[in-house]
There are 2 protein chains.
Amino acid sequence: MKRNLDWEDLRLFLAVAKAGGLAGAATATGISAATLGRRVSALEESLNVRLVEREARGYRLTAAGQELLLQAEDMDRSAQSILTWREGGSVRRRIRISAGEWTMRLLIDNLSAFWRPDRDWVPEFLADLRNRDIARRQIDIGIRNSRPKQEWLAGRKVGSVQFAAYQARTVPAGHDLGWIGLVEDDAHSPTGIWLKETHGTEAVITVNKAALALSLVRQGQVRMLLPVFVGDAYEDLVRITDPIESLTTERWLVVHHDERHRSQVREACTALARLLKQNPCLAPDFFPAPL
Amino acid sequence: MKRNLDWEDLRLFLAVAKAGGLAGAATATGISAATLGRRVSALEESLNVRLVEREARGYRLTAAGQELLLQAEDMDRSAQSILTWREGGSVRRRIRISAGEWTMRLLIDNLSAFWRPDRDWVPEFLADLRNRDIARRQIDIGIRNSRPKQEWLAGRKVGSVQFAAYQARTVPAGHDLGWIGLVEDDAHSPTGIWLKETHGTEAVITVNKAALALSLVRQGQVRMLLPVFVGDAYEDLVRITDPIESLTTERWLVVHHDERHRSQVREACTALARLLKQNPCLAPDFFPAPL
DNA sequence: AACTGGAATTTCAAAAATGAAACGAAACCT
DNA sequence: AGGTTTCGTTTCATTTTTGAAATTCCAGTT
């Protein structure tokens, strides 16, 4: 295809000019002499000027080549300042992790179990569960409840999540309470279906914040289906069912298959997998006791 | 392969940043949006920093991306001055043409037949007949006496050259003269073989400059085998044989097959071919008459 | 003068990059 | 609210680039 001035050709010309030939430049750049020769020829063609005399023992710059060398050195100064900027500043990569609200809190509660400040990556948490955001690189690692289906996603199973029904310990046995659910868990979701099939009812109240729902449960006003890593973390809550088999979900770490070989992404995945396979619970102190 | 900072990635990032997304940058650079997306991702990976937020309607620079943009603009200023340097100065390409000494003089004598100052190339003549110099791009077009054999050479036949024996017109008929030859035309060359077979002798005198040999012939001191485009150009010379079939050679324009699609090389070849197919002679005034 | 070492070019198989086309989703318009 | 347009990503066939190995040749050494 037809190109503009290729800056990489300039960079390689610079290396050849500095080394006085292809052999030295090949050593300096890690690119083969054959390729460097072709790139210099390509630059001569695009600039329409002879830049080097090709001799048996190396390349000698023409007058035009010497002029170009000066300008390529200008570009190299800017390039060197880019490298200095990256090496001098924080070179730690922010790894964006997305999960549902409960799982997000689980990670935050257990941060020290999978991350320390001396690591060369920093976790950044985002509550966004769309795979499209992994495609757009807005998310590096997603924690999802099923195996990824798209071929551009790579997944790793890291355990499963059990659900059970909970109410406040202060509610008298046999007292009939309504159910609360999350807006996204509508009547067609697994939790909605379970509720209809076992209690012949739907959630009386729905909210879009899991933390708010939890407060109402702890106040003794409603019952709720919760992941056991949440429900079991609060001593003022009690299960009113055993873990519900039909609501058990898997837990997957999902990344873009292009990204999974990146060292920080891999380290983060390894650390998260180690944590999640231990089936940790929330740290309940995070939430204030209900008034 | 593992690379250093790829300057072409920087150039393409600059285009994406200026356009606010892949679509506009694709239009500006002629490179597809898919490729630009990959190149920006590659740059993020090599610099180990997120440079853009990928949104549905374009790319938005992160803080690091904005910093990098400033430095890439520095590099672009140098790149623009390279383009200005090339456009402001002479953009005409020097085309190096190599041929034997006689053919070289033929070209110079007939310069206006194949080149004019308004052309976008300038001929540069070199007396060097080695094909290796075409490989090393020290020569753009070689005029050779046989079809090129190497596969990296492209050839175009442009006629043939006849040879005949000449002496000075002033030499009396039947007067026995010795022969002069060129150093490179030794006893094993076609001319050496012909001389031995037809006259049972070798060249008495050898010189390494064709012009010097010609002077001696014109002074009436020796006889010589000459290309007819040289011998017939001098009225004070006379053929003493008809054109010698066994010494006739072909005439080929030879270029590197990589170079033959370059417009200036192609123009020069076309012009030279047009001239040489007319079987032109030397302009005899070029050489001073013998004292 | 002969031999050796080093450098560049060429060939061709392998690897990498590219782009057309399809797809998905968000923003915009009616 | 529904339809259209625009943008970015993915897939896969095609194109381009790359590098290992071979070749050639020149400079340096013995």
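The values are calculated or read from the model by the stated rules, or taken from the named source; none is laboratory data. Here the structure is a predicted model, which is why all the values come from computation and not from measurement. Methodologically, a virtual Cβ is constructed for each residue, glycine included, from the backbone with ideal geometry; neighbour enumeration extends over all protein chains shown. SASA here: full protein model, heavy atoms, side chains in, ligands and nucleic acids out. Shrake-Rupley method; radii C 1.70, N 1.55, O 1.52, S 1.80 Å.
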- Note on the structure: Out of A:206, A:248, A:198, a Gaussian network model of chain A with alpha-carbon springs under 10 Å gives the largest mean-square fluctuation to A:198
- Message: What number results when the radius of gyration of segment A:18-106, computed over Cα atoms, is divided by 2.2 N^0.38 Å?
- Response: 1.77
- Note on the structure: Cα-based Rg and Dmax for segment B:163-247, in Å, come out at 11.6, 31
- With a 1.4 Å probe and every protein chain left in place, work out the accessible area per residue of segment A:187-263 in Å², rounded to a whole number. 50 Å²
- Item | Residue-averaged [θ]222 nm for chain B, counting only DSSP H segments that reach four residues, each worth -39500 (n - 2.57) | -12000 deg cm²/dmol
- Query: In segment A:93-171, what GluC sites (Glu not before Pro) fall in a loop by DSSP, with at most 16 other Cβ atoms inside 10 Å?
  - Reply: A:151
- Query: Between residue B:236 and residue B:81, what is the FRET efficiency for a Förster distance of 45 Å, r being their Cβ-Cβ separation, to the nearest 0.05?
  - Reply: 0.15
- Task: List the residues of segment B:135-152 whose accessible area drops by at least 50 Å² when all protein chains are present, compared with their chain alone, using a 1.4 Å probe and counting only protein heavy atoms.
- Result: B:136, B:137
- Task: Throw me the Rg/Rh for the protein assembly as shown, computed over C-alpha atoms with Kirkwood Rh, two decimals.
- Result: 1.30
- Please list the radius of gyration and Dmax for segment B:2-68, considering alpha-carbon atoms only, with Å as the unit. 10.8, 32
- Item | Partner lysines for residue B:277 [C-alpha distance under 25 Å; skip if fewer than 8 residues away on the same chain] | B:149, B:157
- chain B, dipole about Cα centre (Lys/Arg Cβ +1, Asp/Glu Cβ -1), debye to the nearest 20: 740 debye
- What is the spread of the Cα atoms of chain B along each of their three principal axes, largest first, in whole Å? 97, 37, 27
- For the pair B and A, total buried accessible area rounded to nearest 100 Å², probe 1.4 Å: 4700 Å²
- Message: Let me spell out the model: positive unit charges on the Cβ of Lys and Arg, negative unit charges on the Cβ of Asp and Glu, origin at the Cα centre of segment A:189-250. What dipole size does that give, in debye rounded to 20?
- Response: 280 debye
- Item | Among B:80, B:257, A:20 - extreme Cα towards positive end, dipole of the protein assembly as shown, charges at beta-carbon | B:257
- Pairwise FRET efficiency - residue A:132 versus residue B:122, Cβ, R0 = 56 Å, nearest 0.05: 0.45
- Message: If you average the C-alpha positions of segment A:108-178 and of segment A:220-239 separately, how far apart do those two centres end up, in angstrom?
- Response: 18 Å
- Sorting from shortest, the nanometre distances separating the label point of residue B:177 (7 Å past Cα along the line to Cβ) from those of the same residue in the other copies are 12.7
- Peptide A:38-48, shielding by other chains (average Cβ, 10 Å cutoff): 3
- Which percent, to the nearest 5, of DSSP beta bridges fully inside chain A are antiparallel? 60 percent
- Item | Sparse-neighbour loop sites [GluC sites (Glu not before Pro); segment B:228-279; at most 10 other C-beta within 10 Å; DSSP] | B:235
- Query: Kirkwood hydrodynamic radius (Cα pairs, Å) of segment A:75-234?
  - Reply: 18.9 Å
- Task: Return a whole-number percent for the relative contact order of chain A, with Cα pairs under 8 Å and 6 or more residues apart as the contact set.
- Result: 20 percent
- Label point 7 Å beyond Cα along the C-beta direction, distances from residue A:236 to other copies (nm, shortest first): 12.5
- Label 7 Å beyond Cα on the Cβ vector: residue B:152 copy-to-copy distances, nm: 4.1
